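**Q** So that we are looking at the same thing, I have put the structure below in structure tokens.
The values are calculated or read from the model by the stated rules, or taken from the named source; none is laboratory data. Please read all numbers here as calculations on a predicted model, not as lab measurements. Here the Cβ positions follow ideal geometry from the backbone for every residue, glycine too, while neighbour counts run over all protein chains shown.
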């Protein structure tokens, strides 16, 4: 059996793993801080070391010969030019016009493919995760930002210039909150991890009754979406309100997606899934209220089931399924 090393590059961490060609196993999962502030050369060196460590661990723990590891699939923030293997611009990493595919390939001595990190995460869930067996899948990745991916009949839909699926920058309120992209009212400005924390902090500043300040030692700069989810799980009424509002905002965005794409399934990946039914129950209700009934009745909305490895698995899958093909 052949294997591919999947590389998931994030603004905070890089995660790698050696993935079987049928998706049945992931060996040698390793991660390290990205430290993008050190520049692309340092990050590339870190990627190469992680790839080598993952391959060595796969050989040691699972007996996988190096000759059976045939390539590297890379998932990176974009925008990208997949045909040339270029990262055109990554605000979170500070990269511009970086020939990432070639540089990684040369550093590890293996052929490589390159795709958007959110595309990879959703593709991983389609291949062996929550969306397995479906034809039309749309997904959201929710973390520092909100990304997305579209899988139609087993193929990632990239659009004419490789930027399809930017659901975080769809508008849910034309005069709403300022987004980092410069637009107003983007979904990302309401439902990304930092946006959830910011909305919670605004309520605290206005004097709401909540345990959240106590949970971060009075330092609101330490407040995260995870803190809000934990407080909500503990019965904090204000945190529950923030989660319900997040569900409403996501429901607006997902309702639009359901009406546009009429998918079999919408899968949501990322830390927001920690909120569980407290998020997904009102989210599904909001979608049901907003989207056309025939579309809603045929669409399931589910959390991803590959926590921490969806991007790795999907990046490897893009190599397994597309190496040698025109992007």
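**Q** Can you say whether residue 129 is under 23 Å from residue 20 (Cβ atoms), surrounded by fewer than 18 Cβ atoms within 10 Å (Cβ to Cβ) and touching a helix residue (DSSP H, G or I) at 6+ places or on another chain (Cβ under 8 Å), as far as the supplied structure shows?
**A** No: the conditions fail for residue 129.
**Q** Of the residues 70, 53, 15, only one is within 21 Å of the chain's Cα centre (by Cα) and at pLDDT 95 or above; which?
**A** Among 70, 53, 15, only 15 is within 21 Å of the chain's Cα centre (by Cα) and at pLDDT 95 or above.
**Q** Hey, another quick one. Just need a number here: residues in segment 132-155 that are over 23 Å from residue 255 (Cβ atoms) and either more than 12 Å from the chain's Cα centre (by Cα) or outside any loop (DSSP other than H, G, I, E, B) (or both).
**A** Of the residues in segment 132-155, 5 are over 23 Å from residue 255 (Cβ atoms) and either more than 12 Å from the chain's Cα centre (by Cα) or outside any loop (DSSP other than H, G, I, E, B) (or both).
**Q** Now a separate question. Kindly list the number of the only condition in (1) within 18 Å of residue 317 (Cα to Cα); (2) at pLDDT below 95; (3) surrounded by fewer than 16 Cβ atoms within 10 Å (Cβ to Cβ); (4) touching a strand residue (DSSP E or B) at 6+ places or on another chain (Cβ under 9 Å) that fails for residue 61.
**A** It is condition (1) that residue 61 fails.
**Q** Would you mention how many residues in segment 83-104 are under 18 Å from the mean Cα position of the chain (by Cα) and modelled with pLDDT under 95?
**A** 5
Every residue, every condition in (1) farther than 28 Å from residue 261 by Cα; (2) not assigned by TED's automatic domain parsing to the domain that holds residue 261, yes or no:
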residue	(1), (2)
40	yes, yes
52	yes, yes
73	no, yes
90	no, yes
140	no, no
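**Q** Using the structure shown, decide if residue 84 is farther than 27 Å from residue 154 by Cα, assigned by TED's automatic domain parsing to the domain that holds residue 10 and surrounded by fewer than 17 Cβ atoms within 10 Å (Cβ to Cβ).
**A** no
**Q** Determine, yes or no, whether residue 107 is at pLDDT 95 or above and surrounded by 18 or more Cβ atoms within 10 Å (Cβ to Cβ).
**A** No: the conditions fail for residue 107.
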